[in-house]
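Here, each number is a calculation from the coordinates, and none is a lab measurement. Remember, it's a predicted structure, so these values are computed and weren't measured experimentally. Glycine also receives a Cβ, built like all others from the backbone with ideal geometry; neighbour counts cover every protein chain displayed.
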Amino acid sequence: MSTQFVILLVMGFVSFSSQHVVDNTTSISNIFFNDFLPTLNADCLRVYLYGLYLCGSADRYDNTLEHFSSVLGLSQDDVISAFTFLQDKELVQILNLKPIEVKYLPLRRGMGKVRLYKKGKWDEFNAQIQAIIEGRQITPSEFADYYTLIESMHIQPDALLLIAKYCTDLKGKNVGSSYVQTVAKNWAYQGVKTIEAVQEKLEQDRVDTNVVVSVLKALGVKRSPEAEDFDLYAKWRKDMGFSDEVI
């Protein structure tokens with residue numbers, strides 16, 4: 001048994017801070033519903049609630065990042081990104097990253113407000129992404145999610161704008177914020193974070209279009225290729241070494 005596993009087994013991946021009173025139920029304060037829920041996207045909400053549940057038995061064997069990721073169907077990087085956002089909201093505190101250890105903090109009135117940025121910092125970005133996603137009004141919480149994505153994953157704002165344009169070409173001018181963020185996160189994990197890297201990936205996807213269309217046709221899928229189709233094809237081809245004929 002590795003040292004890391006022993007630490008996780010004893011301490012738990014997530015646990016309450018010492019100010020919390022633990023009982024046999026998973027209690028959610030009304031402060032959470034009033035001050036936090038409106039500002040959290042779906043993944044952050046799921047991560048927070050499942051982590052809260054695990055905090056009730058912080059020493060259980062499955063209180064690990066690996067199990068956490070598997071249960072929610074999220075990558076480990078996505079889980080860590082969600083906890084990073086939750087830390088910005090002062091809901092949790094990340095004590096260590098390797099091995100990761102997260103403490104849940106008690107809720108207090110007045111927490112969970114939208115993070116304040118220097119006046120004018122995001123004005124140009126806001127105008128540009130709203131011009132791209134012109135089919136609907138982007139909400140303040142969605143804008144905040146984009147800022148967090150840029151800062152936490154070190155994506156160039158111009159790169160995110162190009163990704164948003166790509167997503168609107170696929171899904172229409174009213175594309176959802178969650179789809180844009182998912183594509184941006186997946187590409188960031190592949191190292192695609194600059195406008196040059198995004199342009200290079202888009203060009204590669206264009207080159208791969210005919211092959212991906214053939215794969216979808218072989219699967220009986222009639223729709224046009226989407227971002228995840230190209231990512232899966234690249235994984236099969238580059239990471240697993242399959243030829244086009246085998247795929």
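Taking packing as the residue-averaged number of other Cβ atoms within 10 angstrom, the listed peptides 174-185, 214-225, 131-142 run from highest to lowest as 174-185, 131-142, 214-225. Give, as a single signed number, the net charge of other residues whose beta carbon lies under 15 Å from the beta carbon of Gln76, with Lys and Arg counted +1 and Asp and Glu -1. Every neighbour counted, the sum reads -3. The packing ranking of peptides 25-31, 152-158, highest mean first, is 152-158, 25-31, where packing means the average number of other beta carbon atoms within 10 angstrom of each residue. Among the helices of the chain, those built from whole DSSP H runs whose Cα atoms reach 15 Å or more along their own axis and whose mean Kyte-Doolittle hydropathy is at least -1.0 are 42-55, 76-88, 140-153, 157-171, 177-189, 195-218. Partner lysines whose Cα lies under 20 Å from the Cα of Lys222, excluding those fewer than 8 positions away in the same chain, are identified as Lys171.
Bridge orientation summary for the chain: considering DSSP beta bridges with both residues in this region, about 60 percent are antiparallel.
Which of the pairs Lys118/Lys193; Lys89/Lys118; Lys165/Lys193 have their Cα atoms more than 19 Å apart in this structure?
With Cα atoms farther than 19 Å apart: Lys118/Lys193.
Taking each DSSP H run with n ≥ 4 as -39500 (n - 2.57) and averaging over every residue of the chain yields -16500 deg cm²/dmol at 222 nm. Listed from fewest to most Cβ neighbours within 10 Å, the set Phe85, Phe32 follows the order Phe32, Phe85.
Comparing Val212, Val92, Val71 in a Gaussian network model of the chain (Cα springs below 10 Å), the most mobile by mean-square fluctuation is Val71.
Gln181 sits among other residues whose Cβ lies under 11 Å from its own Cβ, and their net charge, with Lys and Arg +1 and Asp and Glu -1, is -3. In the set (1) 42; (2) 25; (3) 38, the label that goes with percent of Cα pairs over 30 Å apart computed for this structure is (3). Farthest towards the positive end of the charge dipole of the chain, among the residues Leu107, Leu54, Gln190, is the Cα of Leu107, using unit charges on the Cβ of Lys, Arg, Asp and Glu.
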